[in-house]
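The values are calculated or read from the model by the stated rules, or taken from the named source; none is laboratory data. This structure is a prediction, so every number in the text was calculated from the model and none was measured. All Cβ positions, even for glycine, are placed from backbone atoms using ideal geometry, and neighbour counts span all protein chains on display.
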Amino acid sequence: MLNVFTLANGRLMQHEIDGPADLAGLRAVWVDMEAPSPEEKGWVQGRFGVSISDDVTDEDIEESARFYEEDNGELHIRSDFLVEGDPEPEGDSTHNVRVAFILHDNVLFSVHDEDLPVFRLLRLRARRTPALIEDAKDVLLKLFDTDAEYSADALEGIYDRLERVSASVLREQVTDRIAGDALAAIAREEDLNGRIRRNMMDTRRAVGFMMRSRLLAAGQFEDARQIMRDIDSLDSHTAFLFDKINFLMDATVGFININQNKIIKIFSVASVALLPPTLIASIYGMNFAHIPELQWRYGYYFSLALMAAAVAAPFLFFWRKGWLR
């Protein structure tokens, strides 16, 4: 899909492109390509003279391959953007999407494989808010700023869901089923929190590269500094959430261990209580010819009563000690 954006009366206007003729005469400020076909790439390259390689969104991690400036002044940035999935167990998974940006002749070109909520949010704001965007560099900075806001909202969602997990775990009775559900939920939130932290680290690198490139105006440079401050505050929040996640994980595992210890305690008490009657039965089961109680009329009933008393005595002792509670 190919979308071209122009500025009209201080607002960002969207134009859907169905062929090369639709590009003629457009004074584009932003060309957004979502999973573009080779034909669409050819239209853009023919109209704007920009080179878009097939591996432009490859997962390179070296900074020199992700952030660089060409001799002709082209700025190349490859940055990750967060896509938060459904927090339910069967929902869509949260993931990061690589986006390639090329700043060429004051036109921003973006290439990505799927639709991004950050891009949708910026398009909505730019259509409704006059003078939000003035040039292509503003588009790129606002995308990073919106990405930081989106990550902040995701962090708030993590905190709210962890609060519900806390309410289910920090209660008087925690069953194994509740503990298992809590562990699964905690694992999902830990993964999302880690992805948000990675996303913020990548955004910091991209904004820092733009600040070092000296292409930003004074107002844009101050906007970039504000984005960096927002990212620093989000880093502190992710660290707090990691601590909370670790606490809830330890607490949940602790309750599972307590439940297992209760089961083991029951078996231990039963084993101890059944040892005396087993001993009594073993004595009267010996094959000696002269055992006094063998010829006793009430010997059988006596042995049963003795075994019952031998079982009751340990249980009474354990109950008074509080070990059966």
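Here are some notes:
- Options A184, A179, A218, A167: the member that is farther than 28 Å from D138 by Cα, without any contact (Cβ under 8 Å) to a residue 60 or more places away in the chain and in the same structural domain as L248 (by TED's automatic domain parsing): A167
- Top-ranked residue in region 273-325 [being under 29 Å from N261 (Cβ atoms) and of a type in the set (D, E, K, R); ranked as modelled with the highest pLDDT]: R320
- Screening region 185-223 for residues that are surrounded by fewer than 18 Cβ atoms within 10 Å (Cβ to Cβ) and hydrophobic (A, V, I, L, M, F, W, C) and picking the one that is nearest to V118 (Cα to Cα) gives M201.
- Failed item, numbered, when D191 is tested on (1) over 21 Å from the mean Cα position of the chain (by Cα); (2) touching a residue at least 24 places away in the same chain (Cβ under 8 Å); (3) in a helix (DSSP H, G or I): (1)
- Tallying residues that are farther than 30 Å from D176 by Cα, hydroxyl-bearing (S, T, Y) and without any contact (Cβ under 8 Å) to a residue 12 or more places away in the chain within region 232-288 yields 4.
- Residues located in region 122-177, provided they are among the small types (G, A, S) and either closer than 30 Å to K262 by Cβ or in a loop (DSSP other than H, G, I, E, B) (or both): A131, S166, A167, S168
- Filter result for L234 (modelled with pLDDT under 90 and assigned to a helix (DSSP H, G or I)): no
- Residue in region 174-182 that is surrounded by 14 or more Cβ atoms within 10 Å (Cβ to Cβ), over 14 Å from the mean Cα position of the chain (by Cα), at negative phi and among the β-branched types (V, I, T) present: yes
- Answer from T278, T203, T252 - the residue that is closer than 30 Å to F67 by Cα and among the polar types (S, T, N, Q): T203
- Hits in region 149-173 - residues which are among the β-branched types (V, I, T) and under 16 Å from the mean Cα position of the chain (by Cα): I158, V165
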